[in-house]
1. Taking Cα atoms, how many degrees apart are the long axis of helix 166-183 and the longest axis of the chain, rounded to 10 and kept between 0 and 90?
2. For Cys40, what is the net charge nearby, where nearby means another residue's Cβ is under 10 Å from its Cβ and Lys, Arg count +1, Asp, Glu -1?
3. Work out how much length Ala334 to Asp66 would gain on full extension: take 0.36 nm times their residue separation and subtract the Cα-Cα distance, in nm to one decimal.
4. Calculate how many DSSP beta bridges within the chain are antiparallel, expressed in % of all such bridges and rounded to the nearest 5.
5. Based on the Cβ-Cβ distance of Asp209 and Leu170, what FRET efficiency does E = 1/(1 + (r/R0)^6) give at R0 = 25 Å, to the nearest 0.05?
6. For the chain, what is the calculated [θ] at 222 nm in deg cm²/dmol (nearest 500), taking -39500 (n - 2.57) for each run of four or more DSSP H residues and dividing by its residue count?
7. Under a point spin-label approximation (7 Å from Cα along Cα-to-Cβ), what is the Asp298-Thr25 distance to one decimal in nm?
8. Of Met134, Met207, Met150, which is the most mobile in a GNM of the chain whose springs link Cα atoms less than 10 angstrom apart?
Amino acid sequence: MAEIKIENVTKRFGDFTAVDNANLTIEDKEFMVLVGPSGCGKTTLLRSIAGLGMADEGRIMIGGRDVTYLPPRERQISMVFQSYAIFPHMKVYDNIAFGLKMTKVDKKEINRRVNEAAELLHIEELLDRYPNNMSGGQRQRVAVARAIAMQAEVLLMDEPLSNLDALLRLEMRAELKKLLADINATTIYVTHDQIEALSMGDRIAVMKDGLVQQVDQPTTIYDRPANSFVGGFIGNPPMNFMTGQVQKDNGQILVKVGDSLLTPASFIQEQVGKYEGDSITVGIRAENMETLVDPTTDAIPVTVDVVEPLGSQNLLTVRIGDDRVKVSTHPDLAVRAGQKVWLRFPAEKIRWIERQSGKVLYS
């Protein structure tokens with residue numbers, strides 16, 4: 001068993017708190033992704049788990065053992081770094097075998113593990129080559145193979161694909177996800193790329209300013225964000241946010257957005273009603289609005305400012321009140337800049353957000 005428990009972990013650098021009272025449990029053989037903007041604390045938390053930077057407070061458990069203050073070699077982990085960290089003066093075979101030699105594994109076992117890892121990463125024909133004679137993608141495969149060859153129960157990966165070009169990154173992402181599913185290690189994967197996080201992880205932990213904002217499955221994080229930061233960070237384009245004014249008419253709660261009125265779904269009416277007379281933030285994903293070219297009474301009229309053809313979709317930029325809104329449409333829908341269209345908002349897809357705290361309201 002290689003369950004990882006992070007309990008009230010705090011890490012400071014002088015007066016700066018990089019990780020603030022983090023609590024997280026990664027189940028045995030789970031693929032957990034830590035995601036957030038630069039400086040949010042995700043790499044610092046990973047390094048604390050690895051033993052490369054000891055936590056100032058809290059406790060870290062791996063497989064039921066308290067490893068909070070153990071050196072990395074005693075934590076039974078493998079790690080893949082953003083910079084690859086492979087030795088330029090060693091051939092690929094020796095790079096993959098390095099950790100095994102340091103732990104005095106038998107030569108026959110080293111040979112078996114190196115060849116097995118190289119085969120998994122499709123680099124068996126590169127074993128006699130030096131890193132300087134390889135591409136970035138090949139060097140990244142060597143770094144992953146070295147970690148896999150250790151056969152540790154815990155694999156820690158710090159932005160392993162960030163140095164690759166976009167096309168290779170897309171290819172490696174799929175390969176790496178399949179590989180990690182095959183080896184069945186407990187994996188913590190750090191990235192700033194929210195698309196990478198959504199596509200790879202069993203669960204995602206979103207971080208900001210050293211705090212864990214939300215932990216859940218990718219689909220839940222995307223569709224039911226805990227707050228406006230998560231909604232705005234996860235997704236491409238990010239969730240739209242508009243200012244609304246809550247009012248009541250004949251006992252029904254309505255929200256005025258621009259010059260139009262939206263009706264909250266019945267299950268959220270009571271919660272939104274608590275803000276009657278005040279403003280509230282209205283959140284909705286670009287693909288959750290229906291675009292109509294003919295006027296209709298239950299849709300908001302808008303004028304298209306910009307049309308961005310993206311192949312699989314067209315991305316429209318419109319204005320609703322003082323807010324700029326992104327709308328995803330089918331590429332066959334003929335819309336041009338300056339044209340008037342109507343947007344229908346499905347009530348169940350709208351997210352109502354408290355303005356001061358940024359917390360999303362759910363029934």
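1. Once rounded, the angle reads 60 degrees.
2. Details: positive: Lys42, Lys208; negative: Asp209.
Here the charged neighbours net out to +1.
3. On the way: separation 268, 0.36 × 268 = 96.48 nm, distance 6.08 nm.
Taking 0.36 nm per residue and subtracting the Cα distance, the gain is 90.4 nm.
4. Numbers: 57 of 75 bridges.
Here the share of antiparallel DSSP bridges comes out near 75 percent.
5. On the way: r = 30 Å, r/R0 = 1.20.
E(calc), rounded to 0.05, equals 0.25.
6. Values: 9 runs with 90 residues, N = 363.
Theoretical 222 nm ellipticity from helices: -7500 deg cm²/dmol.
7. About 4.3 nm, to one decimal.
8. Answer for the Gaussian network model of the chain: Met134.
The numbers here are math on the coordinates, done by the rules we state, and not lab data. What you are looking at is a predicted structure, and each value in this text was computed from that prediction instead of being measured. Don't worry about glycine lacking a Cβ; one is built from the backbone with ideal geometry, like all the others, and counts go over all protein chains shown.
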